[in-house]
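The values are calculated or read from the model by the stated rules, or taken from the named source; none is laboratory data. All values reported here derive from a predicted model rather than from experimental measurement. When we count neighbours, we look across all protein chains shown, and the Cβ atoms used for this are built from the backbone with ideal geometry, even at glycine. Note: areas computed on protein heavy atoms with side chains; ligands, DNA, RNA excluded. Shrake-Rupley method; radii C 1.70, N 1.55, O 1.52, S 1.80 Å.
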Amino acid sequence: MKNATGDTKNKIIDAAYRVLAEQGFEKASTKEIAKQAGISQGLINYYFSSKEDLMFEIFHLESARYIEEMNKISEIPLNENFIRHALAVPKNMVHQYPDWHRLRFELFAIGLRSEAGRKEIQQSLEAGKQQVLKSLNMLPLKESINKKALASIINVTIDGLALEQMADPDFDIDTAYLTLIDLLETYLIKN
């Protein structure tokens, strides 16, 4: 029975992800999510107290997947091109996972209206910041650099560049990332 419970919940989450990505939070209905999942609408209410809670569950799961992708940075050789290769990971994710980014930004807006949402956003931002900090700790940075503050700046910059790309398909994200790379390289200790 436990497997059936997990399967049903996963069906709901998968269907909700598709519906929310296609229609957005406001237009998405639990009726449509249930239809896509092949279940009764009442089962959604059994597993999730609200559509918002379902969206936060998706956000939580997708944030974990995002961190998994970002963990690939630790596999990049530490050399003079490390920053360039490391920043290619989140830049490429904008193109690989546009639905995820669309949902992420929608969740930011929705999340700011509720305490539970703010906590989800805080956790996601903190996880991203810690991921960036892990990479910064690998680099020979000047001693005067506040790595935690720099990690926050890089983390929100990555989100901001993704948002700009989503809002404006003509935005030159490559040039923006090259500029970010140039800025970050000024913090490196040169031999």
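Name the residue from V89, Y66, Y17 whose Cα lies farthest towards the positive end of the charge dipole of the stretch 11-94, charges +1 on Cβ of Lys and Arg and -1 on Cβ of Asp and Glu.
The residue sitting most towards the positive pole is Y17.
About its Cα centre, how strong a charge dipole does the chain have in debye, to the nearest 20, once Lys and Arg get +1 and Asp and Glu get -1 at the Cβ?
Dipole about the Cα centre, nearest 20: 560 debye.
Shape of the stretch 35-191 from its Cα gyration tensor (a ≥ b ≥ c, root eigenvalues): rounded if a/c is under 1.5, otherwise prolate when a/b > b/c, or oblate?
Verdict is prolate for the stretch 35-191.
Whole-Hz ³J(HN,Hα) for each residue in the stretch 76-88, computed from phi via Karplus 6.51 cos²θ - 1.76 cosθ + 1.60 with θ = phi - 60°, x for glycine and proline: what do you get?
Those phi angles translate into 6, x, 7, 9, 5, 9, 4, 4, 4, 5, 5, 6, 5 Hz.
Which whole-Hz couplings ³J(HN,Hα) result when phi for each residue of the stretch 127-138 is put into the Karplus expression 6.51 cos²θ - 1.76 cosθ + 1.60, θ = phi - 60°, listed in order with x for Gly and Pro?
Once θ is set to phi - 60°, the couplings for the stretch 127-138 become 4, x, 4, 5, 5, 5, 4, 4, 5, 4, 5, 7 Hz.
Restricting to DSSP H runs of at least four residues, report the calculated mean residue ellipticity at 222 nm for the chain, -39500 (n - 2.57) per run over all residues, nearest 500 deg cm²/dmol.
Value at 222 nm, helices only: -25500 deg cm²/dmol.
If each residue of separation counts as 0.36 nm, what is the full-extension length gain between K72 and D53 once their alpha-carbon separation is subtracted?
Once the chain is fully extended between K72 and D53, it gains 3.9 nm.
As a quick test, which of the pairs K9/K51; K134/K190; K91/K129; K31/K119; K51/K72; K91/K134 have an alpha carbon distance above 25 angstrom in this structure?
Among K9/K51; K134/K190; K91/K129; K31/K119; K51/K72; K91/K134, the Cα-Cα distance tops 25 Å for K31/K119; K51/K72.
Among K27, K91, K147, which one shows the biggest mean-square fluctuation in a GNM of the chain, springs joining Cα atoms closer than 10 Å?
K27
Skip the ligands, DNA and RNA, and give the accessible area per residue of the chain with a 1.4 Å probe, whole Å².
57 Å²
Before anything else, pin down the relative contact order of the chain: Cα pairs under 8 Å, at least 6 apart, normalised by residue count, whole percent.
RCO, the chain: 20 percent.
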